[in-house]
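K.L.:
Before I ask anything, here is the structure I am working with.
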Amino acid sequence: MVQHCSEFRTAISAGVDGEDLPPGVTGAALDAHVRGCAECHAWGERARQLRVLAAGLGMD
């Protein structure tokens, strides 16, 4: 099954929010994709930073 960045970004978002990964995306597949995709790596970093900022403002 071919997966696209949008599916991995959904999985990244779930992880950042402490949710389960979406069906069809394993942790190993997500890690491998993020290691090889600079855009998704950067997207994940921004998502984590936003989560930290939101928590600091009491918006978590």
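The values are calculated or read from the model by the stated rules, or taken from the named source; none is laboratory data. Model, not experiment: these values are computed from the prediction. FYI the Cβ positions are ideal-geometry reconstructions off the backbone, even for glycines, and counts take in every protein chain you see. Surface accessibility is based on the protein's heavy atoms, side chains included, excluding ligands, DNA and RNA. Shrake-Rupley method; radii C 1.70, N 1.55, O 1.52, S 1.80 Å.
K.L.:
For Ala11, indicate whether it is modelled with pLDDT under 95, outside any loop (DSSP other than H, G, I, E, B), open to solvent by less than 70 Å² (accessible area, probe 1.4 Å) and not basic (Lys, Arg). I'd like the intermediate steps shown before the answer.
P.N.:
Numbers: modelled with pLDDT under 95: no; outside any loop (DSSP other than H, G, I, E, B): yes; open to solvent by less than 70 Å² (accessible area, probe 1.4 Å): yes; not basic (Lys, Arg): yes.
Here the answer is no, as Ala11 does not meet what is asked.
K.L.:
Oh, and also: Just checking, how many residues over segment 17-49 are in a helix (DSSP H, G or I) and touching a residue at least 24 places away in the same chain (Cβ under 8 Å)?
P.N.:
Let us first name the residues in segment 17-49 that are in a helix (DSSP H, G or I), namely 27-36, 38-49.
With touching a residue at least 24 places away in the same chain (Cβ under 8 Å) added as a condition, the list becomes 29, 33-34, 39-40, 43-44, 47-48.
Total satisfying the criteria: 9.
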